[in-house]
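A.B. asks: Would you mind keeping the following structure in view while I ask a few things?
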Amino acid sequence: MYRRMVLVWLAAMCGTWPTSGQDTLPAAKVPKAASLASNVAKVHATVEVHGTGVVRLPADGVRILATLQLRMPSLKEAVAEDERRATKLEQAWRDLKLGRTQIRLLDQQLQAVRQFDANQAAVDIHDLPVIGYVAWRLYLIEITGLPAEQLHQAAQKVHNVALQEGAIPGVLPAPTPWGQPLVALAQPSTDGAIVPAVGYFLANAEAAYSQALKKAKENALTKITALYGNQAPVRMTIQEINLAAERAPDPYQVYGQPAIIPTPQSGLERQPSRSAEIEVVAVVKVVCEY
């Protein structure tokens with residue numbers, strides 16, 4: 001009886017009976033709806049722009065491709081005549097004295113020509129009779145040390161000498177066992193225009209490309225500033241767009257088909273310029289998150 005009265009008295013003092021599982025936090029500490037909304041993560045805005053940088057510089061040199069090809073009835077005659085004509089042709093190019101001239105033999109082949117018989121298509125090629133030999137050389141003539149405005153005329157002189165000595169300005173495909181017709185693929189035009197056998201180049205293409213890349217980045221950041229002012233992005237990525245990988249192979253043509261010519265040039269010159277004023281282009285992609 002005494003214990004029950006004590007419990008009733010304590011309950012009256014506290015003002016309430018304890019209930020199992022009831023939240024006892026003060027009302028002031030319970031988060032309100034407005035406080036919960038303020039803790040939601042901010043939504044990020046992403047913007048992507050491209051910037052292009054262009055640098056135009058006068059060419060430092062010009063490269064000309066030429067093919068020397070001949071056919072003789074015997075191996076001995078083919079070797080001797082090929083050597084004689086090649087020596088005469090190379091000396092004629094040197095006698096032009098065009099700045100600093102380098103003559104490079106890119107490839108050389110000697111091919112036995114065999115008589116094909118359509119009625120005996122299954123016969124091994126080595127069993128077919130030899131009816132002649134074809135000697136074939138592919139040259140690259142590189143001229144530097146001249147003003148850019150004189151490179152066109154220098155290339156034309158190289159072409160003229162090639163024709164005079166029986167060579168072909170341009171590229172003839174390598175001979176096959178069935179021979180190869182002597183077809184002029186890149187004759188100089190009557191109006192003096194540069195033909196497809198010519199490509200202008202820069203001595204330091206890497207430096208020119210770096211300058212164009214810097215301009216491309218600046219142009220891209222200018223676009224970002226126009227969109228978002230001076231607001232600093234949470235994250236920024238800058239990516240170089242490799243235009244060289246998207247280009248077609250070297251534009252030297254062999255019977256209307258692109259031909260990969262192993263010319264000694266950097267990756268930036270996979271497509272030689274057709275103009276003595278070379279345009280170097282760089283593109284970047286900039287992605288900003290706000």
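The values are calculated or read from the model by the stated rules, or taken from the named source; none is laboratory data. Computed from a predicted model, the values in this text were never measured in an experiment. No Cβ is skipped: glycine too gets one built from the backbone with ideal geometry, and neighbour counts run over all protein chains shown. With ligands, DNA and RNA removed, areas are computed over all heavy atoms of the protein, side chains included. Shrake-Rupley method; radii C 1.70, N 1.55, O 1.52, S 1.80 Å.
A.B. asks: How many residues does the stretch 59-71 hold that are open to solvent by 50 Å² or more (accessible area, probe 1.4 Å) and part of a strand (DSSP E or B)?
C.D. replies: Looking only at that region, the number is 1.
A.B. asks: With respect to LYS97, is the statement that it is modelled with pLDDT of 95 or more, more than 30 Å from the chain's Cα centre (by Cα) and in a loop (DSSP other than H, G, I, E, B) true? Show your work before the answer.
C.D. replies: Numbers: modelled with pLDDT of 95 or more: yes; more than 30 Å from the chain's Cα centre (by Cα): yes; in a loop (DSSP other than H, G, I, E, B): yes.
Answer is yes for this residue.
A.B. asks: Counting only residues that are of a type in the set (Val, Ile, Thr), at pLDDT below 90 and under 23 Å from THR144 (Cβ atoms), which one in the stretch 156-210 is surrounded by the most Cβ atoms within 10 Å (Cβ to Cβ)?
C.D. replies: This residue is VAL198.
A.B. asks: Turning to a different aspect of this structure: State which residue pairs qualify: first residue open to solvent by less than 30 Å² (accessible area, probe 1.4 Å) and inside the stretch 259-288, second residue at pLDDT below 50 and of a type in the set (Phe, Trp, Tyr) in any location, beta carbons under 6 Å apart, and separation of 6 or more residues or different chains.
C.D. replies: ALA259/TYR252; ILE261/TYR252
A.B. asks: Which residues, counting only those in the stretch 80-115, are touching a residue at least 40 places away in the same chain (Cβ under 8 Å), touching a Leu at 6+ places or on another chain (Cβ under 7 Å) and under 19 Å from THR176 (Cβ atoms)?
C.D. replies: Correct list: ASP82, LEU106, ASP107, ARG114.
A.B. asks: Next question, about the same structure. Could you tell me whether the stretch 109-127 includes any residue that is open to solvent by 60 Å² or more (accessible area, probe 1.4 Å) and under 17 Å from LEU68 (Cβ atoms)?
C.D. replies: Checked the stretch 109-127: at least one residue is open to solvent by 60 Å² or more (accessible area, probe 1.4 Å) and under 17 Å from LEU68 (Cβ atoms).
A.B. asks: Shifting gears a bit: Inside the stretch 95-108, can you point out the residues that are farther than 18 Å from GLU165 by Cα, surrounded by 12 or more Cβ atoms within 10 Å (Cβ to Cβ) and charged (D, E, K, R)?
C.D. replies: Matches in the stretch 95-108: ASP107 only.
A.B. asks: Kindly check whether there is at least one residue in the stretch 160-168 that is more than 16 Å from MET72 (Cβ to Cβ) and assigned to a strand (DSSP E or B).
C.D. replies: yes
A.B. asks: Which of the residues that make up the stretch 84-94 are open to solvent by 50 Å² or more (accessible area, probe 1.4 Å) and either acidic (Asp, Glu) or not in a helix (DSSP H, G or I) (or both)?
C.D. replies: Within the stretch 84-94, none qualify.
A.B. asks: Can you tell me which of GLN102, GLN153 is part of a strand (DSSP E or B) and either modelled with pLDDT of 85 or more or farther than 22 Å from ASP82 by Cα (or both)?
C.D. replies: GLN102
A.B. asks: So, VAL234, is that one touching a strand residue (DSSP E or B) at 6+ places or on another chain (Cβ under 7 Å), closer than 19 Å to SER210 by Cα and modelled with pLDDT of 85 or more or not? Write out each step before concluding.
C.D. replies: Numbers: touching a strand residue (DSSP E or B) at 6+ places or on another chain (Cβ under 7 Å): yes; closer than 19 Å to SER210 by Cα: no; modelled with pLDDT of 85 or more: yes.
The answer is no for VAL234.
A.B. asks: Consider the stretch 72-83. How many of its residues are buried (at least 19 other Cβ atoms within 10 Å of the Cβ) and over 39 Å from the mean Cα position of the chain (by Cα)?
C.D. replies: Step one: of the stretch 72-83, the residues buried (at least 19 other Cβ atoms within 10 Å of the Cβ) are 78, 82.
When the remaining residues are screened for being over 39 Å from the mean Cα position of the chain (by Cα), the result is 78.
Here the count works out to 1.
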